[in-house]
Amino acid sequence: MSRVGPSGEFEPIAVKRESRVFVLTGAGISAESGVATFRDAGGLWYQHRVEDVATAEGFARDPRLVWRFYSERRKQIGEVKPNPAHLALAELEGFLGDGLFLVTQNVDPLHELAGSKRVLHMHGELLTSRCDTCPRRPFRDDRTYLDDPPVCDECGGTIRPDVIWFGEIPLGLREIADAIEACDLFLPVGSSGSVYPAAGFVAEARERSRPPRTVYVGPERPDNASMFDECRLGPAGRVLPGLFKFLR
Ligand code: BV8
Ligand code: ZN
């Protein structure tokens with residue numbers, strides 16, 4: 001059910017300085033920046049089988065294919081910029097400070113480019129690489145590798161994108177669980193709700209003795225739509241800028 005105001009638009013959500021807001025973003029928030037989503041028509045997965053490009057087994061089988069998949073995305077990131085949805089969340093952080101917990105499933109840097117200072121990339125980051133063999137720290141890397149996969153100059157192992165693939169454990173799950181416990185507004189934006197554990201966060205929020213308000217923002221109902229108090233249907237770049245009313 002969606003609360004719509006007299007003007008036919010959604011009622012803004014009142015946010016106070018002491019509000020605690022949990023925002024989870026998915027590929028949809030970057031769609032209006034021209035970054036392909038995974039599942040929408042023509043999405044990334046359609047050009048490649050997920051098992052081939054987003055698993056450690058796929059990487060072991062064909063590191064060259066996987067590096068071509070990620071190199072295409074690295075190249076694209078240099079050509080795109082944040083859209084009004086990213087900017088609206090940076091503004092929300094300016095008002096709430098650490099009252100905003102922003103976690104993204106996206107590996108692109110668009111939240112940071114929009115000015116967000118604290119972003120948890122639970123599935124890692126596109127512009128970071130790490131060694132598949134030794135424990136050296138992940139390092140910033142915006143290079144593309146279209147031929148031979150890069151080799152670690154410390155151990156000779158293969159360098160891989162520093163992203164979380166299927167079957168690997170997402171980052172920051174402890175902080176995410178604590179933020180789900182503490183929030184009074186739970187707001188996923190632009191995610192099909194099809195990949196876990198992220199898609200299950202809303203159920204965790206609703207299991208709380210005093211659940212937060214849960215609002216989904218995106219153009220179509222997500223797979224887990226029934227878990228939300230409200231689904232505000234529309235593109236994030238249009239819905240987010242007017243979504244919050246800051247009570248100063
Ligand atoms: C794990 C990084 C164990 C790499 C990604 C069976 C049942 C349940 C679970 C499983 C199962 N079998 C296997 C699993 C686990 C598996 C999983 O969930 N599989 C799915 C397919 C069933 N999950 C895992 O393996 C995870 N790890 O489970 O480890 C564990 C866990 C916890 C504790 C201990 C052990 C790891 C998953 C991470 C995989 N890596 N990405 C990369 O980016 O290349 S996943 C990738 O797809 C994204 O990161 C994102 O998370 C995910 C989903 O994509 P979305 O962001 O939702 O985007 P999508 O294209 O799907 O949808 C786009 C949405 O945008 C749509 O809703 C559309 O309407 C909307 N949209 C379009 N335009 C706009 C818009 N919204 C707003 N505005 C617009 N303009
Ligand atoms: Zn190494």
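The values are calculated or read from the model by the stated rules, or taken from the named source; none is laboratory data. Everything numeric in this text was worked out from a predicted model, so none of it was measured. Ideal geometry is used to build each Cβ from the backbone, glycine not excepted, and the neighbour counts take in all protein chains shown. Keep in mind that these areas ignore ligands, DNA and RNA; they rest on the heavy atoms of the full protein, side chains included. Shrake-Rupley method; radii C 1.70, N 1.55, O 1.52, S 1.80 Å.
So here's what we get for this one:
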read-out	value
Any hit, the stretch 84-104, residues being open to solvent by 30 Å² or more (accessible area, probe 1.4 Å), over 30 Å from A177 (Cβ atoms) and out of contact with any His (no Cβ under 8 Å at 6 or more places or on another chain)	yes
Strands (runs of 3 or more DSSP E) fully within the stretch 131-248 counting 3 or more residues that are farther than 25 Å from A90 by Cβ	159-163
Filter result (in contact with a Leu (Cβ under 9 Å, 6 or more places away or on another chain) and open to solvent by 30 Å² or more (accessible area, probe 1.4 Å)) within the stretch 51-72	D52, R64, R68, E72
Hits in the stretch 73-88 (condition: farther than 17 Å from T104 by Cα and touching a residue at least 60 places away in the same chain (Cβ under 8 Å))	R74, K75, G78
Any hit, the stretch 201-217, residues being surrounded by 20 or more Cβ atoms within 10 Å (Cβ to Cβ), without any contact (Cβ under 8 Å) to a residue 60 or more places away in the chain and under 16 Å from A85 (Cβ atoms)	yes
Those residues of the stretch 159-217 which are within 16 Å of ligand 2 (Cβ to nearest atom) and among the hydrophobic types (A, V, I, L, M, F, W, C), in sequence order	I159
Some residue of the stretch 90-110 being touching a residue at least 40 places away in the same chain (Cβ under 8 Å), within 16 Å of ligand 2 (Cβ to nearest atom) and farther than 20 Å from A36 by Cβ	no
Residues within the stretch 121-148 that are within 16 Å of ligand 1 (Cβ to nearest atom), touching a residue at least 24 places away in the same chain (Cβ under 8 Å) and open to solvent by less than 80 Å² (accessible area, probe 1.4 Å), tallied	14
Single residue of the stretch 5-53 satisfying the filter (among the aromatic types (F, W, Y) and within 30 Å of P149 (Cβ to Cβ)) that is modelled with the highest pLDDT	F38
One residue from E112, E91 being modelled with pLDDT of 95 or more, of a type in the set (D, E, K, R) and within 15 Å of the chain's Cα centre (by Cα)	E112
